[in-house]
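Novice: Can you keep this structure in mind? I'll have questions shortly.
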Amino acid sequence: ENRSCAFCHDPAQGYSENRAEAIDIYLHPLGRRSMNITNMLCAGPGQPFRWDGSAATLEQQMTKPMFGDEMGLPDMTAARAAIFARWGDYLPLFLGVFGISNVNDIQESHLQIALGAFVRNLIAGNSPFDGFMKGDNIAEMTQSQRNGWGLFRGKARCIACHNGADFTDGQFYN
């Protein structure tokens, strides 16, 4: 069985997941969480992707989880069938964007470009926390949220690695 990107990058969970560890299609733990995929527009040039840095660009990252045990697709033929069986209305638009006329002409690079463009447009920035960080709307943060931010910056030392505008120091940890 295969699954969509949203299984691990759930829009209701801020395009991440509510599990301590991601799981593959066989429900085996993957030894890491799924990364949040919002604000990738902010990713700097040369910033590698994936937990181990094995994708040099956001586009390369887009299809790495598709094939194999993470998402369960064996090859591009299966990817084409899975994607367009579910979102068939997009097929003519997809083909038109890339100037191709047949679904079998869709290459992995086409999926990488399309998914990369989609992810670059997942912009977060209007949450109570975002307002808090800008110094606005402090009243919208609950006491529990403010306590969590204090813990993040203090005793838990999260900010030692999760810092800057995109909450990363660009290093690889698990």
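Novice: Are any residues in segment 113-151 polar (S, T, N, Q) and open to solvent by less than 40 Å² (accessible area, probe 1.4 Å), and if so, which ones?
Specialist: none
Novice: Tell me which residues, restricted to segment 76-89, are open to solvent by 40 Å² or more (accessible area, probe 1.4 Å) and under 21 Å from the mean Cα position of the chain (by Cα).
Specialist: Arg86, Trp87 - these are the residues of segment 76-89 that are open to solvent by 40 Å² or more (accessible area, probe 1.4 Å) and under 21 Å from the mean Cα position of the chain (by Cα).
Novice: Filter segment 152-164 down to residues that are open to solvent by 90 Å² or more (accessible area, probe 1.4 Å) and either basic (Lys, Arg) or not in a loop (DSSP other than H, G, I, E, B) (or both) and give me whichever is farthest from Phe49 (Cα to Cα).
Specialist: Step by step, filter segment 152-164, then rank; the result is Lys155.
Novice: Residues to consider are Phe167, Phe172; find the one that is assigned to a loop (DSSP other than H, G, I, E, B), on the phi > 0 side of the Ramachandran plot and either modelled with pLDDT of 90 or more or open to solvent by 40 Å² or more (accessible area, probe 1.4 Å) (or both).
Specialist: Just one listed residue meets the conditions, Phe167.
Novice: If the requirement is being within 13 Å of the chain's Cα centre (by Cα) and basic (Lys, Arg), which of these qualifies: Arg33, Arg19?
Specialist: Arg33
Novice: Could you please find all residues in segment 46-101 being in a loop (DSSP other than H, G, I, E, B) and of a type in the set (Lys, Arg)?
Specialist: Arg50, Lys64
The values are calculated or read from the model by the stated rules, or taken from the named source; none is laboratory data. Note that the coordinates shown come from a computational prediction; the quantities given were computed from them, not determined experimentally. With ligands, DNA and RNA removed, areas are computed over all heavy atoms of the protein, side chains included. Shrake-Rupley method; radii C 1.70, N 1.55, O 1.52, S 1.80 Å.
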